[in-house]
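Structure first, then comments.
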Amino acid sequence: MSSIEMKPQLALVGLEHETGDVRVVEITGRAIASLAIPRNGAAILRQRVADQYQTEMPAVGHSNTSPVTNARLLGLASDQMFLLFDDRESDSVAAITRRFKGAAYITDQSDSWVMFQVSGSNSRAALERICQLDLHHDVFGPGATARTMMEHLGVIIVNEGNGSFLLMSARSSAQSFWIAIIQSVRNIAQPA
Amino acid sequence: MSQPNRLRNAGQISQIDSTTRLAFTFDGKRFNGHVGDTLASALLANGQRLVGRSFKFHRPRGIVSAGSEEPNALVQLRTGAYQEPNTRATQAELFDGLEAVSQNYRGSLKFDLMAANDWLSPLLGAGFYYKTFMWPAKFWEKFYEPVIRASAGLGRLSGEADPSSYDKGFLHCDILIVGAGPAGLMAALTAARSGARIILCDEDFRMGGRLNAETLSIEGALATQWVAKVLNELAQTPNVRLLCRTTVFGAFDHGVYGALERVTDHMRSDSSRPRQILWRIYSKRAIISAGATERSIAFGNNDRPGIMLAGSVRAYANRWRVTPGKKVALFTNNDDGWRTATDLAANGVDVSAIIDTRADHSLSAPVGVDVYLNTRVVDTQGRRGIRSITLSNGRQIQADCLAVSGGWNPNLHLTGHQRARPIWNEKIAAFVPGKHLPVGQIVCGAANGLMTTSSALTSGLDVAQTTLSELGFALTAIELPATEDEPSSVTAFWQVKESRSRSWVDLQNDVTTKDIAQSYQEGYQSVEHMKRYTTLGMATDQGKTANVLGLAVMAECAGQSIPDTGTTIFRPPYSSVAIGAMAGRSRGKNYRPTRRTPSHDWALEQGAAFVETGLWMRAQWFPRPGETHWRESVDREVRQTRQSVGICDVTTLGKIDVQGVDAATYLDRVYANGFAKLPVGKVRYGLMLREDGLVMDDGTTARLSEHHFVTTTTTANAVGTFRHMEFCRQCLWPELDVALISVTEQYAQFAVAGPNSRELLRKVVDPAFDITNEAFPFMSCGEITICGGFPARLFRISFSGELAYELAVPTRYGDSAIRALMAAGRIFDVVPYGTEALGVMRIEKGHVAGNELNGQTTARDLGLGRMVSTSKDSIGSVLSRRPELNREDGWGLVGFIPVNQSDTLRAGAHFIPVGQTTNLDNDQGWMTSIAFSPTLDHYIGLGFIKHGANRIGEEVIAADPLRNQHTIVRVVPPCFVDAEGERLRV
């Protein structure tokens, strides 16, 4: 039915917010693939990751970056990682699935998550209002990755370095998560 | 004269800024104070001795202490919706414009009509509630209780929603240090220099503890200068976090501590920030350096305004430059009390006498001060404030302030929050922390019974070094500052037995020595019982000044030692925490997250009524103009769907991606029925059992390829089912090659149901995909494209009982998809339907849902017993065959219709045989789900009844005693529409 136009919709509307020196941005244009390691298939997948992304498979709790499609691999479980990359037609999850040639059980997660980047020198102070994890740089340094809960929502948090944190949570509750983050940012702001 | 009790000389350690002037009101009267004042110090400076009325007898009361132990000076702060009762004036930091009013009186503070209670005090002894008001019985609810309730309570709530905001947060550290007195500061300095991450909390707005109130010297200079130097170093150290105005109120498991930071309480108004923050502090170790609290002595009329704790009187003079009286007497059983006399005299205050219960001492009194040894204060005089005192030797001494010191109790509350019992220390006549502290906790300074400054500094250093060593930090050399060792000898003395007047033990609860004695005489010989009978140690101060004294009085009654008498257990919170702070930001719509379906915005545009289903907001029905009742909308949606086509957002169903070489084997084990032989491109209904054989959940599973399945779960069980499946994968069968991940959020899914559903979909599905009945029959599935190449999945499954499909698209296209489907269906008069119509149609079809899958039913009960495969093993299959679960008279799912078709049915009604009494003995089952069926034009129901299908045609009573409705219903098969399933397969 040619008259019907299918338009993609962002989880929110590409929201941005800045209070003091903390900035919160909804990250768009990124695809997410879940890569599960087949039984006894770690070596093959490791090689495939190296071939495709010139980086190593991350250990659980860590992430590695790659210049290829601006990718970041998140080590989430002993047999699972997430691949975040720039969402282009030539690099869709379907295309990646073909390229990995069965070395991983791949599931498209691009529409499952909303992603926010919280950055700025006071980003940790804002996050300590909702994040139970110890985000001190000695404990949760650049590249560190964890699954946790914030305001009753499941969240994946990644330290991107330089005071920048990537937060991923369920798309359906994106607005609640946004409100929680922004409230935290506002609550740490000093009065004018 | 402004501030008549403010000391005029600058003082050595004054911590007020006398160059500033802060205006405030108390009971509407204007006063002035200074930056650095508390409300209490400012009131005392202004000569305001009477600040409140006591709880039970409405006796005049004044300020007693200078900290969080204050039992009397509870005031209402602020006005309007911001009004907060029971705020301790001794902790309220003064700010310009502060408005405070006294509380707990009728009439005025000076002339309280309720003071008549004091005359009735012989009738109002311990436990009078329990002994009085017994007769006549009918008076209790109509008279006694209303009167008591109207009289009880301290202060008044505004009755309005609290407009302040609150927040919470999570902090982490190597060492949490509670209390910034000499021990805490020394510990913090030691730990900070080693590089450990430190959080130092103090409930005061100025760190330093007693050093802020004493004229001691450290390192040859005033102790306050040492405090400033240490705080300056700590503030410059990046691994240190200083939290003043922060009370650590609870010690919880695993080194977790609760702390309340009062962020803006000291400001007139600051709506830009939360008023208070409730911190959860995760610590590897905790050093408790919470200091000690002074206690009083029980003697006749020891509750008059002007009778205060001696250490507090000293603090008001030294820190706040205030003398609570012009003529001060001192009553003590220890050396520390003498220091108050010395400091007051040094400030030019007239000290009329020192009365010491001890027979001898080695201290020297200030020049001109009379000293009475081996003497007690037996009574006091004065109406709204003390005027004079009477001694045991018969002398009467003029005094408008009596400073009392009965010794100091270590603040060991946090050490007891995990049921550790303190132990008695005879030397200081007080309890000190026992051996069994919470894991990771260590105590130092006065909190550990070390009552001199030098011992506090030493113990702070020692415990910090011990803690650092345990944590693996290299110790940095640090020199112990030199200090003098102040006298601190004490000889226990609890109550003046010569006193004939009432002697107060707990000022906040009006508990006297007589109450305790009476309680003991009446058989309440356990401390815990005495506490509850007399109310000793309850309310906002939790008996900080009263508990040990009360215990000592009880011990004397029992003729035994204090340790033999025992002690009560401390529980969090150490001091009051506002409910608002507990709630934090979780208020109103922020109480919990909200999940929105992909068609939420579109449904809003349609004016849908929404319903919360778990966290989801789902469209419940879509009213149209002219419809005045929800049933009209729902009936229309059902009829139109069955007649043509309807669309419902079913995204909320759980969706789990199952991949792997062993995926089919895995599903065979998880589900009661088999999936190994399910062909690619097909869907099968599945039943999941718990280990005990009862039904856990149901859903459909589609086989997208040889090793790739997608299962669905009910909305309510989406998380639980996924958790169960992960448990099975990781723990039960780790050898299987299978991977799971939730795709609930990944796909927007829409049910397209009704005889025109296929025709509608033909307008959306790309022509390359044949969805005819022959090519895509009932229970088919496939990956397709729609609207010119957009990826989607199509499942031919039906919850409504009609020819139906479920179309799944990536969530980002969900909004477009619903609009596309509605546009495509316009020529069929397509109707969106909500959860109500969804429920009606599934009941008409006899499909089970949450009401039937309630965790108590078996596959057999549901009429699905044959789905439990006997040719394979699966979770719950063995135990589902237990005889008790397969009794002939067991429950069976059947349908019900009212015999009189105009009758309504009620879910929850119980089935009683006709002619029998409605009671549990005759209970034969219950109605699980009901709906008005627009298709049949009468109510229908599903439910469980004994013998199930064997009773088809029988009539029973659906009894609903709660709503007083008894309806005769006929038992019918559970499927009301298209029992043969012909509509599904066309």
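The values are calculated or read from the model by the stated rules, or taken from the named source; none is laboratory data. From a predicted model like this one, the values you see are computed outputs, not experimental measurements. Cβ atoms come from the backbone with ideal geometry, glycine included; neighbour counts cover every protein chain shown. These area figures cover heavy atoms from the full protein model, side chains too; ligands, DNA and RNA do not enter into them. Shrake-Rupley method; radii C 1.70, N 1.55, O 1.52, S 1.80 Å.
A viscosity of 0.890 mPa s and a temperature of 25 °C, combined with the Kirkwood radius over Cα pairs in Stokes-Einstein, give a translational diffusion coefficient for chain B of 72 µm²/s. In terms of overall dimensions, segment A:89-152 has a Cα radius of gyration and Dmax of 16.5, 44 angstrom.
Counted by Cβ distance under 15 Å from A:SER164, the other residues give a net charge of -1, where Lys and Arg count +1 and Asp and Glu count -1. Pairwise Cα separations in segment A:1-53 fall into 10 Å bins from 0 onward with the following percentages, short to long: 16, 24, 20, 27, 12. Need one number: the % of Cα-Cα pairs in segment B:679-733 sitting beyond the 18 Å mark. So the portion of pairs separated by more than 18 Å is 38 percent. If the Kirkwood radius is taken over C-alpha pairs of the protein assembly as shown, then at 20 °C and 1.002 mPa s the Stokes-Einstein diffusion coefficient equals 61 µm²/s.
The angle between the Cα long axis of helix B:814-824 and the longest principal axis of the Cα atoms of chain B comes to about 30 degrees, rounded to the nearest 10.
Distant-in-sequence amide contacts of B:GLY686, defined by a placed amide H-H separation under 5 Å and a gap of 5 or more residues or a different chain, comprise B:GLY699, B:THR700, B:THR701. Peptide A:178-187 shows a mean partner chain C-beta count of 3 within 10 Å per residue C-beta.
Taking 1 over the mean of 1/r across every pair of different Cα atoms in segment B:841-904, what Kirkwood radius in Å do you get? Taking the inverse mean of 1/r over all distinct Cα pairs, segment B:841-904 comes out at 13.7 Å. Specify the angular offset, from 0 to 90 degrees and rounded to the nearest 10, of the alpha carbon long axis of helix B:335-346 from the longest principal axis of the alpha carbons in chain B. Approximately 70 degrees, to the nearest ten. Other protein chain C-beta atoms within 10 Å of residue C-beta, averaged over A:102-114: 6.
Here, segment B:694-839 yields an orientationally averaged convex hull projection of 10.2 nm² when only Cα atoms define the hull.
A convex hull fitted around the alpha carbon atoms of segment A:93-192 yields 122 Å³ per residue.
Taking the charge dipole of chain B about its Cα centre, with +1 at Lys and Arg Cβ atoms and -1 at Asp and Glu Cβ atoms, the residue from B:GLY693, B:ALA251, B:LEU157 reaching farthest to the positive side is B:LEU157.
Inter-part distance, segment B:347-403 to segment B:787-839, computed on C-alpha centroids, equals 89 Å.
Name the shape class, rounded, prolate or oblate, that the alpha-carbon gyration tensor gives for segment B:404-531, where a ≥ b ≥ c are the square roots of its eigenvalues, rounded holds for a/c under 1.5, and otherwise prolate holds if a/b is larger than b/c and oblate otherwise. Oblate, because a/c is 1.5 or more while a/b does not exceed b/c. Ellipticity at 222 nm from helices only: DSSP H runs of n ≥ 4 in chain B, each -39500 (n - 2.57), divided by the residue count, give -5500 deg cm²/dmol. Computed across segment B:461-508, the Kirkwood radius stands at 16.3 Å (inverse of mean 1/r, all Cα pairs). Computed over segment B:601-737, the Cα gyration tensor eigenvalues convert (square root of 5λ each) into semi-axes of 36, 16, 13 Å, ordered from largest to smallest. The magnitude of the dipole of chain B, with charges of +1 and -1 set on the Cβ of Lys/Arg and Asp/Glu and taken from the Cα centre, is near 1880 debye.
Computed over segment B:65-160, the convex hull of the alpha-carbon atoms projects to a mean area of 8.5 nm².
Suppose we look only past 18 Å in the calculated P(r) of segment B:207-313. What percent of the Cα-Cα pairs does that tail hold? Beyond 18 Å sits 69 percent of the P(r) for segment B:207-313. With all protein chains in place and ligands, DNA and RNA left out, the 1.4 Å accessible area ranks B:ARG592, B:ARG395 as B:ARG395, B:ARG592, largest first. Annotation: B:LYS655 carries an accessible surface of approximately 10 Å², with a 1.4 Å probe and no ligand, DNA or RNA atoms counted.
Of the whole protein surface, B:PHE799 contributes about 80 Å² of accessible area at a 1.4 Å probe radius.
Seen from a random direction on average, the alpha-carbon convex hull of segment B:43-89 projects onto 3.8 square nanometres. Taking the charge dipole of chain B about its Cα centre, with +1 at Lys and Arg Cβ atoms and -1 at Asp and Glu Cβ atoms, the residue from B:ASN333, B:PRO791, B:LEU821 reaching farthest to the positive side is B:ASN333.
The value for segment B:273-379 of Rg(Cα) / (2.2 N^0.38 Å) is 1.38.
Cα centroid separation, segment B:666-685 to segment B:914-986: 32 Å. Heavy-atom accessible surface of A:VAL68, to the nearest 10 Å², is about 40 Å², with a 1.4 Å probe and all protein chains retained.
Take the Cα gyration tensor of segment B:897-986, multiply each eigenvalue by 5, square-root it, and list the three semi-axes largest first, rounded to whole angstrom.
For segment B:897-986, the ellipsoid semi-axes come out as 25, 15, 10 Å.
For A:GLN80, the residues whose modelled amide H falls within less than 5 Å of its own, excluding neighbours fewer than 5 places apart on the same chain, are A:ILE37.
Both the radius of gyration and Dmax for segment B:115-254 are 25.0, 73 Å, in that order, over alpha-carbon atoms. Computed from Cα positions, the angle between helix A:42-53 and the longest principal axis of chain A comes to roughly 70 degrees.
Converting the Cα gyration tensor eigenvalues of segment B:1-156 into ellipsoid dimensions via √(5λ) gives semi-axes, longest first, of 37, 15, 12 Å. Scaled against 2.2 N^0.38 Å for its residue count N, the alpha carbon radius of gyration of segment A:1-96 is 1.34. Segment B:519-535 and segment B:551-579 have Cα centres lying 11 Å from one another.
Our summary of shape: the Cα atoms of segment B:357-457 have principal axis extents of 53, 33, 20 Å, ordered from largest down, in whole angstrom.
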